[in-house]
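Colleague: Right, I'll just put the structure down here and ask away after.
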Amino acid sequence: MSDELTTHTVGIIMNGVTGRMGTNQHLLRSIVPIMEQGGVKISEDEVIMPRPVLVGRNPVKLQKLSERTGIEEWTTNLDEVLDEEDYHIYFDAQRTDLRFDSVKKAVAAGKHIYCEKPTAVTTEEAVRLHHIAEEGGVKHGVVQDKLWLPGLVQLKQLRQQNFFGKILSVKADFGYWVFEGDTIAPQRPSWNYREEDGGGLILDMFCHWRYILDNIFGEVKSVSCLGTTHIDKRYEEDGTPYEATADDAAYAIFELEDDIVAQFNSSWTTRVRRDDLVTFQVDGTRGSAVAGLREVWIQPHSATPKPVWNPDVDSDHNFYDDWIKMPKQQEFDNAFKMQWELFLRHVVKDDPFRWNLLEAAKGVQLAEIGYEASEQRAWIEVPELA
């Protein structure tokens with residue numbers, strides 16, 4: 001074994017890094033920890049080390065972020081940094097409606113692409129980005145972080161172990177109360193609630209639901225959806241009122257392959273009384289499971305109680321007690337960080353990475369079909385993308 005360490009330094013243009021997701025999940029919880037751990041370890045004598053440059057529109061925010069992380073390189077000039085050969089990957093965490101032009105420009109500059117979702121506001125643009133990246137000969141990927149969350153990893157393992165038998169249905173309940181901003185500061189940015197700025201719960205969340213369903217339970221075949229704007233007046237961060245033009249809740253049914261029915265309630269106007277901000281219940285002939293982001297509870301067929309419906313008699317039965325919490329059997333790193341490490345290996349070592357811009361386009365497609373189904377009050381088939 002050689003005593004010399006081979007370090008592959010990978011320059012990463014991190015655009016939109018001053019936003020909530022860019023700062024917290026991608027910089028502070030992914031790239032910085034990868035750097036602090038000494039890079040992505042390939043073998044005993046080979047590592048990949050990220051070298052980020054922070055890009056955004058606000059120099060004050062960039063300077064503060066630079067001081068906080070110790071990353072000295074930052075700029076407000078994207079075009080200038082795209083011309084630098086030392087940067088190999090372009091990462092985009094901007095607002096959705098700004099993403100298409102920036103990614104297209106980065107491909108033209110020969111950069112590999114790693115991108116937040118949704119990758120575009122329309123399916124047509126999302127598919128075009130995939131073709132542009134393919135024709136440009138660059139590697140490309142989309143963030144699909146939920147696939148590495150402990151709860152969903154364990155759900156997939158249960159399916160691989162045939163715990164469920166034949167899966168009958170999947171039920172998801174997602175959401176929480178996002179404050180309007182008049183008396184209590186909102187915990188989501190105001191553009192989320194303006195359609196003209198690329199906002200909307202369906203566009204945001206259906207991209208997640210698509211890759212979760214496709215990768216764990218089965219491909220989506222058709223959609224029925226009702227999207228709505230429950231609260232039409234909200235307030236900017238400075239207290240200025242504005243009209244909320246984007247949907248803040250959606251109630252959908254997805255028909256999956258193998259006759260699986262998936263029901264997903266998604267809302268920024270609901271108050272939480274469940275195990276987590278999102279829960280997934282999977283019911284099968286041999287057992288059921290309920291997963292939050294990190295914990296999973298199971299109920300096998302042999303331990304299923306036999307309730308009797310009688311609304312005229314008080315019941316002191318606690319149905320939560322009928323479930324078994326799955327033991328901790330493995331360690332889990334941050335989901336965003338884990339996918340970053342896989343993409344870096346893909347760029348440097350050509351390791352497989354199936355979560356590309358076509359997979360991203362499928363998420364945008366599901367959102368667009370969700371809107372169409374809501375407007376028409378109809379079931380809409382999901383065509384194959386290419």
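Colleague: How much FRET efficiency would the formula 1/(1 + (r/R0)^6) give for residue 354 and residue 313, where r is the Cβ-Cβ distance and R0 is 30 Å, rounded to 0.05? Intermediate results must be reported in sequence, preceding the final value.
Modeller: Working: r = 53 Å, r/R0 = 1.76.
My answer for the efficiency is 0.05.
Colleague: Sort region 1-158 into rounded, prolate or oblate with this rule: let a ≥ b ≥ c be the square roots of the eigenvalues of the Cα gyration tensor; rounded if a/c is under 1.5, and if a/c is not under 1.5, prolate when a/b is larger than b/c, oblate otherwise.
Modeller: On the way: a/c = 1.34, a/b = 1.13, b/c = 1.18.
Rounded is the answer for region 1-158, as its axis ratio a/c remains below 1.5.
Colleague: Within a Cβ distance under 13 Å of residue 92, other residues only, what is the Lys/Arg minus Asp/Glu net charge?
Modeller: Numbers: positive: 95, 99, 104, 105, 111, 117; negative: 97, 101, 116.
That sum, taken over residues with Cβ under 13 Å, equals +3.
Colleague: Can you work out the FRET efficiency for the pair residue 257 and residue 161, with r the C-beta to C-beta distance and R0 = 30 Å, to the nearest 0.05?
Modeller: Working: r = 20 Å, r/R0 = 0.67.
For residue 257 and residue 161, the calculated efficiency is 0.90.
Colleague: Give a residue-ordered list of calculated ³J(HN,Hα) values for region 278-288 (Karplus: 6.51 cos²θ - 1.76 cosθ + 1.60, θ = phi - 60°; whole Hz; x for Gly, Pro).
Modeller: For region 278-288, the Karplus-derived couplings read 9, 10, 10, 10, 10, 10, x, 5, 9, x, 10 Hz, x marking Gly and Pro.
Colleague: Residue by residue through region 202-209, which ³J(HN,Hα) values in whole Hz follow from phi under the Karplus form 6.51 cos²θ - 1.76 cosθ + 1.60 (θ = phi - 60°), with glycine and proline marked x?
Modeller: Whole-Hz 3J(HN,Hα) from phi for region 202-209: 4, 4, 6, 8, 5, 4, 5, 4.
Colleague: If you don't mind, there's one more thing I want to ask. If each residue's Cβ is checked for other Cβ atoms within 10 Å, how do 271, 159 rank with the fewest at the top? Intermediate values should be presented prior to the final figure.
Modeller: Values: 271 8, 159 16.
The order, fewest Cβ neighbours first, is 271, 159.
Colleague: Going by amide H atoms built from the backbone, whose H comes under 5 Å of the H on residue 222, apart from near neighbours?
Modeller: 255, 382
Colleague: Right, next: Quick check: from the Cα gyration tensor, does region 254-377 come out rounded (a/c under 1.5), prolate or oblate?
Modeller: Working: a/c = 2.31, a/b = 1.47, b/c = 1.57.
Judged from the Cα gyration tensor, region 254-377 comes out oblate (a/c at least 1.5, b/c at or above a/b).
Colleague: Fewest first, what order do 247, 351, 173 take by the number of other Cβ atoms within 10 Å?
Modeller: Details: 247 25, 351 13, 173 20.
Lowest to highest Cβ neighbour count: 351, 173, 247.
Colleague: From the phi of every residue in region 180-195, what ³J(HN,Hα) in whole Hz does the Karplus formula 6.51 cos²θ - 1.76 cosθ + 1.60 yield, where θ is phi - 60° and glycine or proline is x?
Modeller: My calculation for region 180-195 gives 5, x, 7, 10, 10, 4, x, 9, 10, x, 5, 5, 4, 10, 10, 4 Hz in order.
Colleague: With only Lys, Arg, Asp and Glu charged, each at its Cβ (+1 for the first two, -1 for the last two), find how big the charge dipole of region 1-101 is about the Cα centre; round to the nearest 20 debye. Could the numbers behind the result be given before it?
Modeller: Values: 10 positive and 18 negative charges, 184 e Å.
With only Lys, Arg, Asp and Glu charged at Cβ, the dipole is about 880 debye.
Colleague: Moving on to the next point. In whole Å, how far is the Cα centre of region 100-144 from that of region 239-295?
Modeller: Result: 28 Å between the Cα centres.
Colleague: If amide hydrogens are placed 1.01 Å from N in the peptide plane, which non-local residues have theirs closer than 5 Å to the one on residue 246?
Modeller: 194, 195
Colleague: For each pair in 139/349; 139/362; 64/104; 41/117, compute the distance between the two Cα atoms and list the pairs where it is over 20 Å.
Modeller: Values: 139/349 12 Å; 139/362 18 Å; 64/104 29 Å; 41/117 27 Å.
Flagged as over cut-off: 64/104; 41/117.
Colleague: Give me, ordered by chain and number, the residues 5 or more places off residue 10 or on other chains with an amide H under 5 Å from its own placed amide H.
Modeller: For residue 10, whose amide H was placed from the backbone, the distant partners under 5 Å are 49, 51.
Colleague: What ranking do 264, 100, 254 get, fewest neighbouring Cβ atoms within 10 angstrom at the top?
Modeller: Numbers: 264 24, 100 19, 254 28.
Listing 264, 100, 254 from fewest to most nearby Cβ atoms yields 100, 264, 254.
Colleague: Report, largest value first, the span of the C-alpha coordinates of region 159-287 along each principal axis, in whole Å.
Modeller: Here the Cα extents, ordered largest to smallest, are 53, 28, 19 Å.
Colleague: By how many nm would the segment from residue 36 to residue 331 lengthen if fully extended, with 0.36 nm per residue of separation less the alpha-carbon distance? Working shown, then result.
Modeller: On the way: separation 295, 0.36 × 295 = 106.20 nm, distance 1.91 nm.
Additional length available on full extension: 104.3 nm.
Colleague: Using the Kirkwood radius built from alpha carbon pairs, what does the Stokes-Einstein equation give as D for the chain at 25 °C and 0.890 mPa s, in µm² per second? Write down the numbers at each step before the final one.
Modeller: Working: Rh = 22.5 Å.
Answer, rounded: 109 µm²/s.
Colleague: Then there is this: Restricting to Cα pairs below 8 Å that are 6+ residues apart, what does the relative contact order work out to for the chain? Please round to a whole percent.
Modeller: Numbers: 781 pairs, mean separation 77.8, N = 386.
Across the chain, relative contact order equals 20 percent.
Colleague: Could you calculate the FRET efficiency of residue 379 with residue 61 from 1/(1 + (r/R0)^6), where r is the beta carbon distance between them and R0 is 56 Å, rounded to 0.05?
Modeller: Working: r = 45 Å, r/R0 = 0.80.
So, using R0 = 56 Å, E works out to roughly 0.80.
Where a number appears in this text, it was derived from the coordinates with a stated rule and is not lab data. Note that the coordinates shown come from a computational prediction; the quantities given were computed from them, not determined experimentally. Reconstructed Cβ throughout: ideal geometry from the backbone, glycine too, with neighbour counts over all protein chains shown.
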